[in-house]
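S.K.: Let me give you the structure first, and then I'll get to my questions.
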Amino acid sequence: MGFVRALFLLAMVCVAAHAKDYPKEEGAKAEGPAAASGGGGGGSTHDVVKLGGKGDGKTDSTKAVNEAWTAACAGTGKQTIVVPKGDFLTGPLNFTGPCKGDIVIQLDGNLLGSTDLALFKSNWIEIMRLESLEISGKGKLDGQGAAVWSKNSCAKKYDCKILPNTLVLDFVNNGLISGISLVNPKFFHMNVFKSKNITIKDVTITAPGDSPNTDGIHMGDSSKISIIDTVIGTGDDCISIGPGTEGVNISGVTCGPGHGISVGSLGRYKDEKDVTDVTVKNCVLKKSTNGVRIKSYEDAASVLTASKFTYENIKMEDVANPIIIDMKYCPNKICTANGNSKVTIKDITFKNITGTSSTPEAVSLLCSDKLPCTGVTLNDIKVEYSGTNNKTMAVCKNAKGTATGCLKELSCF
């Protein structure tokens, strides 16, 4: 009898020790934050609706979206934040790492940025200090900028109040943004700063051609940035590549309306760093106010170099200033034109650029007399003025290089 009793007690101890390994009965209620988020240490899903968000376009869902981020950032493995179909209104969203796992934002619905500017200290959606990020889906980031564009005074003064950008990546490495749309931002659609290994693919960016400062994608102090198969129409630069950027690959982009695909502006601020290794290939520009452009301030505050750029297989469709280097850039005439440029521009190749120009000046190389552009290559440039009141021409000042296979009117050298 004692032996049987001992076996019984041993069995009870074993059952107790392993009870945590047994699944709950079907229908048992889970508890805690992990339940709302679909929690689990090896990867979790965090649905903003389950956390209280409402996709009616009116209810403030900021709290629910921020709670989804907090839970995702604390989890290990693949952490997916799901924005399901619907319109979710939010104020500022500050997604700050570092996080323990790999963050995925699945945007199936739309996020709408509040039009109450008093809510914003800086940007709308700011993602900081991550080592792995993916934003994908068929949803939209709608900045609802039309309601506040009238408050933009940047055309009149340097020290204007900057309105919130829609999506900002700060100190993000290894990022993919694909499939989503960004529309009507209050300021820039997207800003990439001090980030590395970022790919933007199959994205659509849309704002009216007269909307102020609605750059499509701006980048600065970043490296290894790829923009692929993306359609951009804005009121400012479709893509702008700022100081301190290197290793940029732009391919399959359609731009228009907008101010073109630009490097710069360069030299506006002190201590700006060089821009190097930029490739723009297989792109189409439609009715934009510039095509491929490099712009620097004549009264530059920094000494820096822009070099090793290649523009190849670009089609222009009724574009003003299809090819332009402007070292006397002075927007809205609010800078000092003193001719003391400190920006060096060299080793720039334009190859197989075709189509039509809405202005007679299909090529404009407006370089500094103090620091001429050097190493400029024009190869197979065949862009013709689409009007009838003038002829196609190139305007070249203080530029040194070679020209082969170009229309006769476009051979600067």
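The values are calculated or read from the model by the stated rules, or taken from the named source; none is laboratory data. Quick caveat: nothing in here was measured; it's all calculated off a predicted structure. Reconstructed Cβ throughout: ideal geometry from the backbone, glycine too, with neighbour counts over all protein chains shown. To get the accessible areas, we keep the full protein, side chains included, count just its heavy atoms, and leave off ligands, DNA and RNA. Shrake-Rupley method; radii C 1.70, N 1.55, O 1.52, S 1.80 Å.
S.K.: Calculate, for the chain, the solvent-accessible area per residue in square angstrom, rolling a 1.4 angstrom probe over the heavy atoms of the protein chains. Don't jump to the answer; show the numbers that get you there.
M.R.: Details: 18980 Å² over 413 residues.
Here the residues of the chain average 46 Å² of exposed surface.
S.K.: For the chain, find the longest principal axis of its Cα atoms and tell me its angle to the long axis of helix 62-74, 0 to 90°, nearest 10.
M.R.: 80
S.K.: Continuing with the same structure: Within the stretch 160-202, whose backbone N sits under 11 Å from a point 7 Å along Cα→Cβ of Thr279?
M.R.: So the set is empty, nothing qualifies.
S.K.: What does the convex hull of the Cα atoms of the chain come to per residue, in Å³, rounded to a whole number? Before the final figure, lay out the partial values.
M.R.: Numbers: hull volume 68.1 nm³, N = 413.
With only Cα atoms used, the chain gives 165 Å³ per residue.
S.K.: Answer rounded, prolate or oblate for the stretch 168-316, using the Cα gyration tensor with square roots of eigenvalues a ≥ b ≥ c: rounded when a/c is under 1.5, else prolate when a/b is larger than b/c, else oblate. Please report the intermediate quantities before stating the final value.
M.R.: Working: a/c = 1.35, a/b = 1.22, b/c = 1.11.
The shape class here is rounded.
S.K.: Roll a 1.4 angstrom probe over the protein heavy atoms and tell me the percent of accessible area of the chain that is carbon or sulfur. Please report the intermediate quantities before stating the final value.
M.R.: Values: 9790 of 18980 Å².
Summing carbon and sulfur atoms, their accessible area is 52 percent of the total for the chain.
S.K.: Then there is this: Where does each of Thr402, Thr90 land when they are ordered by accessible area, with a 1.4 Å probe and the largest first? Show your work: numbers first, answer last.
M.R.: Working: Thr402 80, Thr90 0 Å².
From most accessible down to least: Thr402, Thr90.
S.K.: Taking the chain as a Gaussian network, Cα atoms linked when under 10 Å apart, which of Asp380, Asp369, Asp274 shows the biggest mean-square fluctuation?
M.R.: Maximum among the listed residues: Asp369.
S.K.: How do Glu312, Glu361, Glu131 rank by accessible surface area computed with a 1.4 Å probe, from largest to smallest?
M.R.: On the way: Glu312 40, Glu361 60, Glu131 120 Å².
Order by accessible area, largest first: Glu131, Glu361, Glu312.
S.K.: Here is a further query. If you take every residue apart from Arg129 with its C-beta less than 15 Å away from the C-beta of Arg129, what net charge results, scoring Lys and Arg +1 and Asp and Glu -1? Mind dumping the intermediate values first?
M.R.: Numbers: positive: Lys100, Lys194, Lys196; negative: Asp102, Glu126, Glu131, Asp170, Asp221.
Around Arg129, the charge tally is -2.
S.K.: Tell me, what HN-Hα J-couplings in whole Hz come from the Karplus equation 6.51 cos²θ - 1.76 cosθ + 1.60 at θ = phi - 60° for each residue of the stretch 136-149, using x for Gly and Pro?
M.R.: 9, x, 10, x, 10, 9, 9, x, 6, x, 4, 6, 10, 4
S.K.: For the stretch 46-132, what class follows from the C-alpha gyration tensor (a ≥ b ≥ c being the square roots of its eigenvalues): rounded when a/c is under 1.5, otherwise prolate if a/b is larger than b/c, else oblate?
M.R.: Numbers: a/c = 2.26, a/b = 1.33, b/c = 1.70.
The shape class here is oblate.
S.K.: Sequence-distant or interchain residues sharing an amide H contact under 5 Å with His218, placed H: which?
M.R.: The answer is Met190, Asn191, Val192, Ser240.
S.K.: What ³J(HN,Hα) values, in whole Hz, does the Karplus curve 6.51 cos²θ - 1.76 cosθ + 1.60 give for the stretch 353-362 when θ = phi - 60°, with x put for Gly and Pro?
M.R.: 10, 10, x, 10, 10, 8, 10, x, 7, 6
S.K.: Here's a follow-up. Report the percentage of all Cα-Cα pairs in the stretch 239-299 whose separation exceeds 17 Å, rounded to a whole percent. The partial results should precede the final answer.
M.R.: Details: 750 of 1830 pairs.
Percentage above 17 Å: 41.
S.K.: Continuing with the same structure: Tell me whether the stretch 278-336 comes out rounded, prolate or oblate; compute the Cα gyration tensor, take square roots of the eigenvalues as a ≥ b ≥ c, and use a/c under 1.5 as the rounded threshold. Walk me through the intermediate numbers first.
M.R.: Working: a/c = 4.10, a/b = 1.49, b/c = 2.75.
The shape class here is oblate.
S.K.: Above 28 angstrom, tally the Cα pairs of the stretch 237-412 and express them as a % of all pairs, no decimals. Walk me through the intermediate numbers first.
M.R.: Numbers: 2328 of 15400 pairs.
Percent of Cα pairs beyond 28 Å in the stretch 237-412: 15.
S.K.: State which entries of Lys78/Lys281; Lys194/Lys286; Lys156/Lys201; Lys273/Lys308; Lys121/Lys156; Lys287/Lys328 exceed 26 angstrom in Cα-Cα distance in the structure shown.
M.R.: Values: Lys78/Lys281 34 Å; Lys194/Lys286 30 Å; Lys156/Lys201 35 Å; Lys273/Lys308 15 Å; Lys121/Lys156 22 Å; Lys287/Lys328 23 Å.
Distance filter (> 26 Å) returns Lys78/Lys281; Lys194/Lys286; Lys156/Lys201.
S.K.: Starting from 0.36 nm per residue, how many nanometres of slack lie between Lys400 and Thr59 once their C-alpha separation is accounted for?
M.R.: Working: separation 341, 0.36 × 341 = 122.76 nm, distance 5.96 nm.
Gain in length upon complete extension: 116.8 nm.
S.K.: Still on this structure: On a full-extension model of 0.36 nm per residue, what is the gain between Lys78 and Lys286, subtracting their alpha-carbon distance, rounded to one decimal in nm? Spell out each step's value before the answer.
M.R.: On the way: separation 208, 0.36 × 208 = 74.88 nm, distance 4.00 nm.
Extra length from Lys78 to Lys286 when fully extended: 70.9 nm.
S.K.: Out of Met190, Met393, Met316, any idea which swings most in a Gaussian network model of the chain, alpha carbons joined below 10 Å?
M.R.: The residue that fluctuates most here is Met393.
S.K.: Residue by residue, what Karplus-based ³J(HN,Hα) values in Hz, rounded to whole numbers, does the stretch 117-122 have, using 6.51, -1.76 and 1.60 with θ = phi - 60° and x for Gly and Pro?
M.R.: 5, 5, 6, 9, 8, 8
S.K.: Once the piece of chain linking Val303 and Ala118 is laid out straight, how much longer is it, given 0.36 nm per residue of separation minus the C-alpha distance between them? Write out the running numbers ahead of the final one.
M.R.: Numbers: separation 185, 0.36 × 185 = 66.60 nm, distance 3.77 nm.
Computed gain between Val303 and Ala118 is 62.8 nm.
S.K.: Report the calculated FRET efficiency for Thr96 and Cys330 (r = Cβ-Cβ distance, R0 = 35 Å), to the nearest 0.05.
M.R.: On the way: r = 37 Å, r/R0 = 1.07.
Here the calculated transfer efficiency is 0.40.
S.K.: Next question. Mind giving me the FRET efficiency for Glu131 and Lys391? R0 is 51 Å, r the Cβ-Cβ distance, nearest 0.05 is fine. Before the final figure, lay out the partial values.
M.R.: On the way: r = 55 Å, r/R0 = 1.08.
That pair, Glu131 with Lys391, gives E of 0.40.
S.K.: Sort His218, His46 by heavy-atom solvent-accessible area, probe 1.4 angstrom, most to least. Mind showing how you got there, number by number?
M.R.: Numbers: His218 40, His46 5 Å².
Per-residue accessible area, sorted high to low, gives His218, His46.
S.K.: So, one more: Could you list which residues have their amide H under 5 Å from that of Cys406, counting only those 5 or more apart in sequence or on another chain, with H placed in the peptide plane?
M.R.: Here Asp380, Ile381 satisfy the definition.
S.K.: While we're looking at this one, here's another question. Averaging sequence separations of C-alpha pairs under 8 Å and six or more residues apart, then dividing by the length of the chain, give the relative contact order as a whole percent.
M.R.: On the way: 1281 pairs, mean separation 30.0, N = 413.
Here the relative contact order equals 7 percent.
S.K.: Angle check, please: helix 2-18 long axis (alpha carbons) against the longest principal axis of the chain (alpha carbons), in degrees 0 to 90, nearest 10.
M.R.: 20
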